[in-house]
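Just below is one structure, and these are the notes that go with it.
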Amino acid sequence: MRSEDLFPLQEATADPPEALRGLATDGRRVIGGRNRRTDGFRKSSGKEVYTDDITFPGMLHGKILRSTVPHAKIRSIDPARALELPGVYDVITGRDMPTPYGIIPWTPDEHALALERVRFVGDAVACVAAVDEETALAALDLIDVVYEPLPHYLDPEEALAHPEHPIHEPRRPGQNGNILKRVQLEFGPVDERMREADVVVEGEYLFHGTTHAPIEPHCAIGRMNQNGLLEVWSATQVPHYLQREIARVLGLDVAKVRVVQPAVGGAFGGKSEPFDLEFCVALLAIRTGRPVKILYTREEVFYSHRGRHPMRMKYRVGASQDGRILAVDATTLLDGGAYASFGLVTTYYSGQLLTAPYEIESYRFDSTRVYTNKAPCGPKRGHGSVQPRFAFEISLDKVAERLKMDPIEFRRRVFMGTGRTVNEFRVQSNGFLECLDAVEKASDWKIKHRRMEYGRGIGVAGSCYISGTNYPIYPNPMPQAAVQVQVERSGRVTVLHGASEIGQGSDSTMAYIACEELGVPLDYVRVFSADTDLVPVDLGAYSSRETVMVGNACLMACRELGNKVRTSVARLWDVEPSRVRLAGGWAFDGQDPSCAERRLPIPQAFQWAEAEHGTLGAVGHYNTPKEGVHGEYRGGTIGASPAYSFTAHVAEVEVDPDTGFVDVKTIWVAHDCGRALNPVLVEGQIEGSAYMGYAEAIFEEQAFKRGEHGEALHDGPSLLDYRIPTSLDCPEFVPLIVESDDPEGPYGAKEAGEGPLHPSLPAIANAIHDAIGIRLDSLPFTPQRVWRALRAAEAAKRSQEVA
């Protein structure tokens, strides 16, 4: 039988399309193109399915009873009256799930439901499953809980001062139970270099704390299927970790737990660890034998939190007259809230991620994360490094001012290039200079800085961020990412990967890689992700890891298959495999400019390969490099990454001196993403990141007020009261892509989802200073804060004149 008889196509004998001739000489055909998202139509048309859209026959609804006191022993919980209410199927408490958990294996300090003690207003105490939400809510009012109040602390300095009343019991004798982690690291002789400095700038900075505010609240559904398998659908960012923790807490075999992540309507780090509702739906489904759904209210989202840590930061920066950074000394106090979350890592990140893109000759940081009786903090987009970057970039501007240098020129002078940071992280690509050049030119910096009328100003800031963590959350030598790719004789390609699509475009990115390597149209690619029963293990969507790690795994699998197809086609054509190209839905001879002699539709090429090799499938995997990536000191692995992205922002503002209102006009963002696999997605991530930074600078604050008994009550746990900018409030965001081609990334790519956020806040702060001559070292820049700073400056000036 002739090969063309296997799958006859009329177009196989037609003249090739004109575009095909260009593919014979082009390099990449799909990667780098402005391609559509694979999920774009579903989302834009309202056809996407989120967790709360899923229903099952006989499904019950759960609601969680939450603590109304900030810190107390639980003397008793009596659910008897709730269980008597018609329509109530079950009530569970902490005694039903006594095993502690935590996303970081060294700090498992949470229980799915509070076991012996509650530690903040909003802590989960009991959970009801009922026929509907109304009945479940009514049942919560019938659960009798007796608390024995304990001293509570809402301020980290207050908690530090009272170790006799620990929020958590000390892990070792003599430790302060109100300290989760203290990190002290020094690189080089800081005190000596500080004494040598011609200029020393000191400052105290406050980051206020913010939350994620995703459109979709947390939601989870538990079900026992007909085969006795526990299934959990959840709006999570970490299906694999959630599967592990549910199995561990409930005492189940991991292989008998399935976690599925449907579409996620926003996360930004706020769904990157297990939450109480996921454990509750799992246990209630087991106990009742019926599916159980829990959907957080918006208030519950705010109290569950895990957002950006408030930080109080003291910075000293010493520089030489010729513009070298001789020493940096940082002390940071982190307000962690009631539980650890990612806090151990956050404490390291608050110092470890500060050391690029600049050459710093000596560096010391002392960071302490403290428990308080408030909603727990965790990772938010740009985890752990947005706050110190705010302090450091303002400090650099102060140094530049003292040295009478242009702030951009000063940053150019201290550019580190590639090589090793002061804390021994390896940087293999660095496009920060190109980022500075791009924002300088686009913003007309040279004709605006220090030259605009009073009330208008422009400011700059830079940053770097990781492209995934070099080590998994739980230590193991296995790959961090894996992908399976199947090629079917019709031309269809199926990609199965574990990455969590949370809006950043990871599903689309894997489809682009398959198109690039296998030559199929985008419509021929099917992508399945984030179902622990179907796809290989991936560790989740956090730390901007998906493009580098899952992308490399996908590239490995697709290239193996592509090589098989090219080899088979080349053998039949009697040419070298290197001459065979796969692109645009065709296989063709790349050395035939007319593409007239040797060409065939891609399904036929797949059939030739399948006839020779058997069913076409491949597995790719990726693990991070371990040699030479970081220093060999305690904590040297935390902050290490396969690759680092770099960003520069320029912000232009107008400040009303009479009201203190700050109007941010434009933010220019240049981001070194290594290689833009799809410029549209990269630009979207740049704009989204800059938007969040702008929002945190001007609008947002996760604020608490003291209630009647001194407890911490959220000041506005709703999207009506928690201020986030609408499209009408936003400045113009100008994304500028810089490509540096990192050797560790797929096609040279690095992250673009978190790094572009960091410089927005300090760039706005530095622009305000340029506009009105006042330094604002505390966030947010509300009209009240700016107005008071202006009046204080005027009063200080009058005092000097009188003196």
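Around the amide H of Ser463, modelled in the peptide plane, lie the amide H atoms of Thr647, all under 5 Å away and 5 or more residues distant in sequence or on another chain.
Kindly provide the pair-distance distribution of the range 30-160 built from C-alpha pairs, with 5 Å bins from 0 and whole-percent values in order of increasing distance. Whole-percent P(r) values from 0 Å outward: 2, 9, 14, 14, 14, 12, 9, 8, 7, 6, 4, 2, 1. Counting only residues at least eight positions apart within a chain, or on another chain, the aspartates and glutamates with an alpha carbon under 14 Å from that of Lys448 are Asp406, Glu440, Glu652, Glu654, Asp770. Bridges between two residues of the range 430-551, per DSSP, are antiparallel at a rate of about 50%. Once divided by 2.2 N^0.38 Å, the Cα radius of gyration of the range 47-95 becomes 1.62. Length available on full extension from Lys626 to Asp141: 0.36 nm per residue minus the Cα-Cα distance, which gives 169.2 nm. Rounded to whole numbers, the Karplus 3J(HN,Hα) couplings from phi for the range 305-310 are 6, 6, x, 5, 5, x Hz, using 6.51 cos²θ - 1.76 cosθ + 1.60 with θ = phi - 60°, and x at Gly and Pro. I'd like the antiparallel share, as a percent to the nearest 5, of DSSP beta bridges with both residues in the chain. Approximately 75 percent, going by the DSSP bridge assignments. Computed over the range 418-509, relative contact order equals 10 percent, with contacts defined as Cα pairs under 8 Å that lie 6+ residues apart. Farthest toward the positive end of the dipole of the chain, out of Ile92, Gln428, Asn552, is the Cα of Gln428, where the dipole comes from beta carbon charges about the Cα centre.
The mean sequence separation of alpha-carbon pairs under 8 Å and at least six residues apart, normalised by the residue count of the range 604-688, gives a relative contact order of 18 percent.
Amide H contacts of Ala643 (H built 1.01 Å from N, in plane; Pro and chain starts excluded): Ser467 sit under 5 Å, all sequence-distant by 5 or more or on other chains.
Residues whose amide H lies under 5 Å from that of Trp586, counting only those 5 or more places away or on a different chain, are Ile602; hydrogens are built 1.01 Å from N in the peptide plane. Per-residue ellipticity at 222 nm computed for the chain from its helices equals -8500 deg cm²/dmol, with DSSP H segments shorter than 4 residues left out and the rest contributing -39,500 (n - 2.57). Between the listed residues Pro189, Val200, Ile167, the Cα displaced farthest toward the positive end of the dipole of the range 150-229, a dipole computed from Cβ unit charges relative to the Cα centre, is found at Ile167. Cα-Cα over 28 Å: which of Lys271/Lys705; Lys314/Lys705; Lys564/Lys626; Lys398/Lys705; Lys271/Lys314; Lys314/Lys665? Over 28 Å Cα-Cα: Lys564/Lys626; Lys398/Lys705; Lys271/Lys314; Lys314/Lys665. Legend: Rg and Dmax of the range 601-652, from Cα coordinates, 22.3, 62 Å.
Rounded to whole numbers, the Karplus 3J(HN,Hα) couplings from phi for the range 500-506 are 9, 6, 10, x, 7, x, 5 Hz, using 6.51 cos²θ - 1.76 cosθ + 1.60 with θ = phi - 60°, and x at Gly and Pro. Carbon-plus-sulfur accessible fraction, the chain (probe radius 1.4 Å, protein heavy atoms only): 50%.
Residues of the range 264-405: accessible area per residue at 1.4 Å, in Å²? Working shown, then result.
On the way: 2650 Å² over 142 residues.
Value for the range 264-405: 19 Å² per residue.
Working note: Karplus 6.51/-1.76/1.60 with θ = phi - 60° gives the range 126-136 the couplings 8, 9, 10, 10, 9, 5, 8, 5, 4, 5, 4 Hz, where Gly and Pro are set to x.
Write down the accessible area per residue of the range 630-710 in Å², having rolled a 1.4 Å probe over the full set of protein chains.
Working: 2550 Å² over 81 residues.
Value returned for the range 630-710: 31 Å² of accessible area per residue.
The local environment of His61, defined by Cβ-Cβ distances under 13 Å, has a net charge of -2 under the rule Lys, Arg +1 and Asp, Glu -1. On a 27 Å Cα-Cα criterion, which of the cross-link pairs Lys404/Lys441; Lys47/Lys293; Lys63/Lys181; Lys43/Lys63 come out too long? Among Lys404/Lys441; Lys47/Lys293; Lys63/Lys181; Lys43/Lys63, the Cα-Cα distance tops 27 Å for Lys63/Lys181; Lys43/Lys63.
Could you rank the peptides 544-557, 119-132, 619-632, 307-320 by their average count of other C-beta atoms within 10 Å per residue, with the highest value first?
Details: 544-557: 28.0, 119-132: 25.1, 619-632: 16.3, 307-320: 23.6.
For the peptides 544-557, 119-132, 619-632, 307-320, the packing ranking is 544-557, 119-132, 307-320, 619-632.
Counting only lysines at least 8 places from Lys73 when in the same chain, those with an alpha carbon closer than 18 Å to its own are Lys374. Give the residue list of GluC sites (Glu not before Pro) in the range 448-529 that are DSSP loop and have at most 12 other beta-carbon atoms within 10 angstrom. Within the range 448-529, the qualifying GluC sites (Glu not before Pro) (loop, at most 12 other Cβ atoms within 10 Å) are Glu453. Over all directions, the projected convex hull of the C-alpha atoms in the chain averages 38.2 nm² in area. For the chain, a crude dipole built from +1 on the beta carbon of Lys and Arg and -1 on the beta carbon of Asp and Glu, taken about the Cα centre, is about 700 debye to the nearest 20.
The values are calculated or read from the model by the stated rules, or taken from the named source; none is laboratory data. For clarity, every value in this text was computed on a predicted model and none was experimentally measured. Backbone-built Cβ (ideal geometry, glycine too); neighbour counts: all protein chains shown. With ligands, DNA and RNA removed, areas are computed over all heavy atoms of the protein, side chains included. Shrake-Rupley method; radii C 1.70, N 1.55, O 1.52, S 1.80 Å.
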